[in-house]
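The values are calculated or read from the model by the stated rules, or taken from the named source; none is laboratory data. Model, not experiment: these values are computed from the prediction. Reconstructed Cβ throughout: ideal geometry from the backbone, glycine too, with neighbour counts over all protein chains shown. These accessible areas exclude ligands, DNA and RNA; they are computed on the full protein's heavy atoms, side chains included. Shrake-Rupley method; radii C 1.70, N 1.55, O 1.52, S 1.80 Å.
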Amino acid sequence: AKGKLAEFYAEQQNYPKAIQLTRQAIFYAQPYLVAPHGLAPHDLALHELEFQTYPELLFRFEQQLGKYFNQQGLAEKAVEKYFNQQELAEKAIEAYKRAINHLQQVHNRYSSVSQSFLDREEEVFYELTNLLLQQFPKGSATDKQHRLTEVIDTIESFKMAELRKYFQDECIVPQPEDAIKVDEILSSNTAVFYYLVLDNRVELLLITNQ
């Protein structure tokens, strides 16, 4: 109910209220301890209780939170609140990352998910990639390499989400030996070229040691 009410306020572009309600929804969807079926909680020790979790709800609400932070930042950018807009973008990135952590739990738990869930999964990787590229750091080489690694990891996960959606197969998973490792690329003669078609632009990404 809190999550749905947040959607209503977001439609009215009242993003602070939408963010507040989404955070409440996340709080209520947090894991909690329950007793095994047929037993009373007060008759059991703490270690005998089980965690009840809702990773699919937490994934949805964290993505929703990231979207509202980003939309609020875009609205504030229109009135030239630049520093606050940057802060909101970073908060959106952190929310999307938490959503992806919950997404992994969903795939570990369920053998299949709905088409609408696959659409949402693809959307969260797309939105995170877009934000990471927009907020690329201008500081030290270490900061840039760290962000570049985040971008590559997100793009690779984005591609896996597209494959799962296309084949409708949850068994498609990346192999560790196939992962792109930025450190190895920068220390070799290998170059990797990515192009990303986004809503309002095309991003070209070249990774090389030159």
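Out of 71, 85, which single residue is open to solvent by less than 70 Å² (accessible area, probe 1.4 Å), among the polar types (S, T, N, Q), at pLDDT below 95 and touching an Asp or Glu at 6+ places or on another chain (Cβ under 6 Å)? Walk me through it before giving the result.
Numbers: 71 fails: touching an Asp or Glu at 6+ places or on another chain (Cβ under 6 Å).
Only one candidate passes the filter, namely 85.
Can you confirm whether segment 135-155 contains a residue that is surrounded by 13 or more Cβ atoms within 10 Å (Cβ to Cβ), within 24 Å of residue 22 (Cβ to Cβ), among the charged types (D, E, K, R) and at pLDDT 70 or above?
There is at least one residue in segment 135-155 that is surrounded by 13 or more Cβ atoms within 10 Å (Cβ to Cβ), within 24 Å of residue 22 (Cβ to Cβ), among the charged types (D, E, K, R) and at pLDDT 70 or above.
Could you please let me know if residue 116 is out of contact with any helix residue (DSSP H, G or I) (no Cβ under 8 Å at 6 or more places or on another chain), among the small types (Gly, Ala, Ser) and either open to solvent by less than 30 Å² (accessible area, probe 1.4 Å) or assigned to a loop (DSSP other than H, G, I, E, B) (or both)? I'd like the intermediate steps shown before the answer.
Numbers: out of contact with any helix residue (DSSP H, G or I) (no Cβ under 8 Å at 6 or more places or on another chain): yes; among the small types (Gly, Ala, Ser): yes; either open to solvent by less than 30 Å² (accessible area, probe 1.4 Å) or assigned to a loop (DSSP other than H, G, I, E, B) (or both): no.
It is false that residue 116 is out of contact with any helix residue (DSSP H, G or I) (no Cβ under 8 Å at 6 or more places or on another chain), among the small types (Gly, Ala, Ser) and either open to solvent by less than 30 Å² (accessible area, probe 1.4 Å) or assigned to a loop (DSSP other than H, G, I, E, B) (or both).
Taking the condition of being open to solvent by less than 60 Å² (accessible area, probe 1.4 Å) and either closer than 15 Å to residue 91 by Cα or touching a Ser or Thr at 6+ places or on another chain (Cβ under 7 Å) (or both), how many residues in segment 7-25 meet it?
Total satisfying the criteria: 4.
Do we find that residue 120 is basic (Lys, Arg), modelled with pLDDT under 80 and either closer than 30 Å to residue 73 by Cα or out of contact with any His (no Cβ under 6 Å at 6 or more places or on another chain) (or both) in this structure?
no
Collect the residues in segment 191-207 that are farther than 15 Å from residue 129 by Cα and outside any strand (DSSP E or B), keeping them in residue-number order.
191
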